[in-house]
Amino acid sequence: MTIHEFFHGWTANRCGDPTARLQGRLTLNPLAHIDIMGALCFVFAGFGWGKPVPINPNNFRTPRRDNMIVSFAGPASNFISAFLFGMAFQLLRNIPLPSNLSMMIFNLLITVIVVNLSLAFFNMIPIFPLDGSHILEGLLPYRLSVRYKEIERYGPFILLGLIVMGNFTGVSIISLVLGPPIKYFLRLFSGLS
């Protein structure tokens, strides 16, 4: 989440909005990005969130386009991180290490790859407040984007409903949709078949 939020702020700063930088959020220090409620939910409910980086689209040079770019920066950073950790996994697989150490390192790297891929794909879901909603809003023709923005207040309830429904029924719609691309890129990046 730290990488994700940092790149939102870094990209916003590059697009003309210094808000995150001025508030000390343009950092890779995880403490700056922890949301207490999100962290507690992650520990006790299996899902959570970080503190969103503050962004003021009024500062962007091209607000509609730049908001899309800033929104895409977070998931893209997770996807690139997954790729880099996958490369590290493949390199380390060819180095002889003690079996206990290699298992620990490989399990850690696989976990980091899966978490980054999960964050990347989950955040691309076009339901507010996820990044995918801002990207879709920017891609839609202006009139449709205005209508789409009108229903964004229901987004958190829809998202929470999907998560809770999956927990109660044992069939997660989100996992059914996101599972295949996550598994595909895990195999691709790690070299595991």
Checking Leu84 against (1) more than 28 Å from Gly166 (Cβ to Cβ); (2) free of Cβ contacts under 8 Å to residues at least 24 places away in the same chain; (3) over 18 Å from the mean Cα position of the chain (by Cα), only one condition comes out false. Which one? (3)
Of the conditions (1) among the small types (Gly, Ala, Ser); (2) modelled with pLDDT under 95; (3) closer than 17 Å to Gly86 by Cα, Ala120 satisfies every one except a single condition; which number is it? (2)
Those residues that are out of contact with any Gly (no Cβ under 9 Å at 6 or more places or on another chain), assigned to a helix (DSSP H, G or I) and open to solvent by 60 Å² or more (accessible area, probe 1.4 Å), I need them from the stretch 88-112; list them, please. Leu91, Ser99, Asn100, Leu101, Met103, Met104, Asn107, Leu108, Thr111
Qualifying positions in the stretch 30-70 - within 15 Å of Asp17 (Cα to Cα), among the β-branched types (Val, Ile, Thr) and free of Cβ contacts under 8 Å to residues at least 60 places away in the same chain: Val53, Ile55, Thr62, Ile69
Is it true that Phe121 is among the aromatic types (Phe, Trp, Tyr) and within 21 Å of Pro75 (Cα to Cα)? yes
Asn59 meets each of (1) under 18 Å from the mean Cα position of the chain (by Cα); (2) under 26 Å from Val146 (Cα atoms) with one exception, condition (1)
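The values are calculated or read from the model by the stated rules, or taken from the named source; none is laboratory data. A quick note: this is a predicted structure, and the numbers were derived from the prediction, not measured. Backbone-built Cβ (ideal geometry, glycine too); neighbour counts: all protein chains shown. Surface accessibility is based on the protein's heavy atoms, side chains included, excluding ligands, DNA and RNA. Shrake-Rupley method; radii C 1.70, N 1.55, O 1.52, S 1.80 Å.
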